[in-house]
Amino acid sequence: GAVVSQHPSWVICKSGTSVKIECRSLDFQATTMFWYRQFPKQSLMLMATSNEGSKATYEQGVEKDKFLINHASLTLSTLTVTSAHPEDSSFYICSASEGRETEAFFGQGTRLTVV
Amino acid sequence: GQNIDQPTEMTATEGAIVQINCTYQTSGFNGLFWYQQHAGEAPTFLSYNVLDGLEEKGRFSSFLSRSKGYSYLLLKELQMKDSASYLCAVLAGDYKLSFGAGTTVTVRA
C-alpha cells in the first residue's frame, strides 16, 4: 500500500506553546487529507478534512482557530495546535487519499503531551 | 452524524474463531472498512466492502449487508498477535470516514 509519513511521532510541549504536526504522502499525490484525534480507549474522531489548495472543513465542535490546517501541496498537510493546553494531549493521526473513492492510508500518528 | 456500533471487547482462545459485528446508520454509503489498531499505533487496513457479500483474505473475512446496515469481521485460527482493537469505519455519502469505538480482542493461550 501507499506510504503516509507523519512527523513527529511524539512531542511534549509546555502549556501555551504551539505545536506543528506534518503529514506527507510519500509515493502518491494526496488530493484529500484527514486529521483525527484519539483519546485513550476511544475511537478516532474526525477533526477536519483538507483538500489541496483550499480551506479545511472542520467538524462540529472543533475550533478552527486553535487547530490550524494547511494543505499547501499534494503531498503535505500540516496541523498546528496553537496555544496548547493539557486537555489537548491526545493521539493525532492523519490519513491521505488520492481521491474520494480511493482508500485512505494512515500516518503513524503523533502522541502530543502538553505539560 | 453517523452511528456505528460494535462490541467493546471480546476474548477468545488461540486457534479459535471470533466474529466482530458492526451495525451502522449513515447518510449515504460508499463502503465499510475494517482496521486493526495496536495500542499506541495508527490503524492498519484489513478490508473494504462496498457490495453485499463476503470478502475473504487469508485468516480474515469481512461480510456486508447494506440493506441491514450490518457487517462483521471474522478472524480465524486466532494467534496471540491478533490481540488488538478492531475498528469498523463507514465511508458516508460525503466521503468522510467515521469510526466505531473499536472492539478490543484479547487472545488467550
In chain A, lysine pairs 8 or more places apart or on different chains with C-alpha atoms under 22 Å apart total 7
What is the set of long-range amide H partners of B:GLY31 at a cut-off below 5 Å, with H atoms built 1.01 Å from backbone N?
B:LEU91
Solution diffusion estimate, µm²/s, Stokes-Einstein, chain A, Kirkwood Rh from C-alpha pairs, 4 °C, viscosity 1.567 mPa s
93 µm²/s
A student applying the Cα gyration tensor rule (rounded when a/c is under 1.5; otherwise prolate if a/b is larger than b/c, oblate if not) would label the range B:1-100 prolate
Expected sort for B:ARG108, A:ARG37 with the fewest Cβ neighbours (10 Å cutoff) up front is B:ARG108, A:ARG37
Placed amide H near B:MET10: partners under 5 Å, 5+ positions off or other chain:
B:THR104, B:VAL105, B:THR106
Could you work out, for the range A:29-85, what percent of all Cα-Cα pairs fall into each 10 Å distance bin, beginning at 0 Å and stopping at the bin that holds the largest distance?
24, 52, 23, 2
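Throughout, read-outs are computed from the coordinates displayed, never taken from laboratory work. None of these values were measured; they are calculated from a predicted model. A quick note on method: Cβ atoms are made from the backbone with ideal geometry, for glycine too, and the neighbour counts reach across all protein chains shown.
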